[in-house]
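To start, the structure itself, in structure tokens.
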Amino acid sequence: MYKIKRTRKFYDTLVLCDEQGEVQKELKIEVDIDAIATGFREVLTKLEKAQKSLQDNQKLKKQNEFDKAYYEYGEALIKMFEMCFGTENTEEIVTFFENRYTEMSVEIVPYITKEIIPLVGEAIKQKKNSLKKAGKRK
């Protein structure tokens, strides 16, 4: 007998609160960890490069380069959010934070780091193990 099982999904709720802590919106999150694992490293790398470019240009005080780096950082951040939360939830997040990428990053990236990245790492590890086992069966 050969068992085939579906990949697990991660479910959570993000609660968006205003400055006074009043709940403004609750977003239901459903992430297919295996589905995002393949492209996750690429998106994470782009975000890290964009963040470094933003920091470097801020130090150099080159406004044109800083504006470009800020735009690229925002784009990379949005790609990460879309991968983790879906397009609709990402639009809700961007609207809630009024396109303030730095604030979005400070508030949401730690959640991704704590909750989603470890699951992605585990999914990649499991895929590698499955491929090794499949190779041994032949």
Checklist entry - Of all the residues that make up region 14-34, how many are more than 21 Å from GLY121 (Cα to Cα) and either among the basic types (Lys, Arg) or in contact with a strand residue (DSSP E or B) (Cβ under 6 Å, 6 or more places away or on another chain) (or both)? => result 11
Checklist entry - Within region 89-111, is even one residue farther than 23 Å from LEU54 by Cα, modelled with pLDDT under 95 and of a type in the set (Gly, Ala, Ser)? => result no
Item to check | Pick from region 71-82, criterion open to solvent by 50 Å² or more (accessible area, probe 1.4 Å) and either within 29 Å of ASP12 (Cβ to Cβ) or basic (Lys, Arg) (or both), ranking: modelled with the lowest pLDDT | outcome: GLU72
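Would you call LEU131 more than 25 Å from SER53 (Cα to Cα) and touching a residue at least 40 places away in the same chain (Cβ under 8 Å)?
Working: more than 25 Å from SER53 (Cα to Cα): yes; touching a residue at least 40 places away in the same chain (Cβ under 8 Å): no.
For LEU131, the condition - more than 25 Å from SER53 (Cα to Cα) and touching a residue at least 40 places away in the same chain (Cβ under 8 Å) - is not met.
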Item to check | Meets criteria (among the charged types (D, E, K, R), assigned to a helix (DSSP H, G or I), surrounded by fewer than 16 Cβ atoms within 10 Å (Cβ to Cβ) and touching a residue at least 12 places away in the same chain (Cβ under 8 Å)) for LYS59 | outcome: no
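Of the residues THR113, THR95, THR7, THR102, which single one is open to solvent by 30 Å² or more (accessible area, probe 1.4 Å), of a type in the set (S, T, N, Q), within 30 Å of LYS128 (Cβ to Cβ) and assigned to a helix (DSSP H, G or I)?
Numbers: THR95 fails: within 30 Å of LYS128 (Cβ to Cβ); THR7 fails: assigned to a helix (DSSP H, G or I); THR102 fails: within 30 Å of LYS128 (Cβ to Cβ).
Only one candidate qualifies: THR113.
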Checklist entry - over 20 Å from the mean Cα position of the chain (by Cα), surrounded by 13 or more Cβ atoms within 10 Å (Cβ to Cβ), modelled with pLDDT under 95 and assigned to a helix (DSSP H, G or I), is that true of ASP34? => result no
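The values are calculated or read from the model by the stated rules, or taken from the named source; none is laboratory data. Treat the numbers as computed from the prediction; the structure is a model and nothing was measured. Positions of Cβ are backbone-derived with ideal geometry, glycine not excepted, and every protein chain shown enters the neighbour counts. Surface accessibility is based on the protein's heavy atoms, side chains included, excluding ligands, DNA and RNA. Shrake-Rupley method; radii C 1.70, N 1.55, O 1.52, S 1.80 Å.
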